[in-house]
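Worksheet: the structure to be examined is printed underneath.
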Amino acid sequence: MARPHTASRSDRRHPGTARVDREITGVLALLAEEDDYERMTGYGAPRHRDHTQYLHSAGTALRTRRAGGRRTRVGLLDPEEYAAYCAGSGLDPGRPDSRHRFTEHLADTGATLPYEGGPLADLLPDLAQLALRRATFAYAGELLDGAGRCPECGESLARAAFDRASELLTAACHALGAGRHHLVCSTHTQAGPLLAEFDIRTSPGSWPRPGESASLDLVTVLAAALAAGLPCGLVARTTGPDTPDAVRGWRLREHVLRPLTAAEVFDAYCTDTETGDPIPPEPGVDYRAAPALTPPRTPHHDHGQEGEEAQE
């Protein structure tokens with residue numbers, strides 16, 4: 001017969017750890033910010049002495065589980081997202097089983113990372129980056145969903161924008177030449193800026209074709225800008241041995257990436273986007289004119305846009 005659960009000696013010494021462990025169902029929905037912690041305690045989440053003690057208890061619980069052979073994934077718990085999930089699912093946000101359902105939802109949506117035994121503080125930046133990627137991807141997806149269909153042919157404008165964005169990214173990677181490239185695509189929406197990053201290494205004589213899984217975020221942001229007619233830019237930083245980093249960029253115009261001049265790239269990098277004040281140039285960086293892109297494949301339907309080449 002199974003023995004009833006009794007608190008271990010460690011649990012009795014650290015009751016906060018036991019409270020956190022009871023909330024874990026293979027996934028820990030972590031309250032990384034103090035404000036989030038206070039809001040969730042209002043929904044009945046276990047209260048600790050303060051947020052710092054909560055984080056300490058969470059780290060201890062994770063290490064204890066790992067030492068006992070129990071694997072745990074960690075995701076960030078956003079109280080607003082939690083409340084919306086409960087409202088949409090007909091759940092009482094004050095019940096523990098509702099919190100358990102939400103942590104399972106986090107895992108199902110890919111919003112968690114495995115805990116590998118290190119300090120919890122080391123995992124927080126990666127979790128924040130993952131949360132930002134999810135939010136960016138979700139909002140870009142909303143813009144694409146709202147694009148509708150071509151009134152003339154009925155083709156999905158989101159699908160056409162996604163195809164064009166994939167072609168433009170491939171063409172940009174090819175134009176950059178051999179080396180290691182870090183690309184950043186950014187656009188501005190009514191809800192604020194959207195930004196995605198992508199790294200690729202290209203070889204001499206090869207035609208790079210970015211892997212869909214690695215470049216999906218960047219392609220999605222670029223496609224959203226195309227579909228919604230938003231201002232958008234693509235900047236690439238190329239690194240190589242014994243040479244300064246080269247920074248180049250393009251601006252989206254009429255479904256085409258137009259190359260920026262060296263002066264335009266310098267201005268973009270050396271101007272504070274919030275205040276407009278100049279920023280000193282970064283040492284060891286060479287601001288260069290971007291190459292013109294090989295024209296992407298002309299789509300079957302241009303939806304009112306000219307099938308332009310990327311040259312000025």
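Observations
- D245 long-range amide H proximity, modeled H, under 5 Å: D286
- From most to least packed by mean Cβ count within 10 Å, the peptides 59-72, 119-132, 251-264, 159-172 give 159-172, 251-264, 59-72, 119-132.
- The stretch 26-52-the stretch 152-180 distance, computed between alpha-carbon centres (Å): 42
- Residue (of P204, A87, T170) at the positive-pole extreme of the stretch 82-209, dipole from beta-carbon charges: P204
- Portion, in percent, of the accessible area of the stretch 34-116 that falls on carbon or sulfur, probe 1.4 Å: 47
- Estimated at 0.36 nm per residue, the fully extended path between E80 and Q190 surpasses their Cα-Cα distance by 37.6 nm.
- The stretch 52-99 - accessible surface per residue (Å², probe 1.4 Å): 51
- Which of G192, A158, L143, positive extreme of dipole for the stretch 118-192 (C-beta unit charges): G192
- The protection proxy used here, the mean number of other Cβ atoms lying within 10 Å of each residue, ranks peptides 27-37, 87-97 as follows, highest first: 27-37, 87-97.
- Solvent-accessible area, 1.4 Å probe, carbon plus sulfur percent, for the stretch 121-231: 53
The values are calculated or read from the model by the stated rules, or taken from the named source; none is laboratory data. Worth saying up front: this structure is predicted, and the values here are computed from it rather than measured. Neighbour counts are summed over all protein chains in view; Cβ atoms, including those assigned to glycine, are modelled from backbone coordinates with ideal geometry. For accessibility, only protein heavy atoms count, side chains too; no ligands or nucleic acids. Shrake-Rupley method; radii C 1.70, N 1.55, O 1.52, S 1.80 Å.
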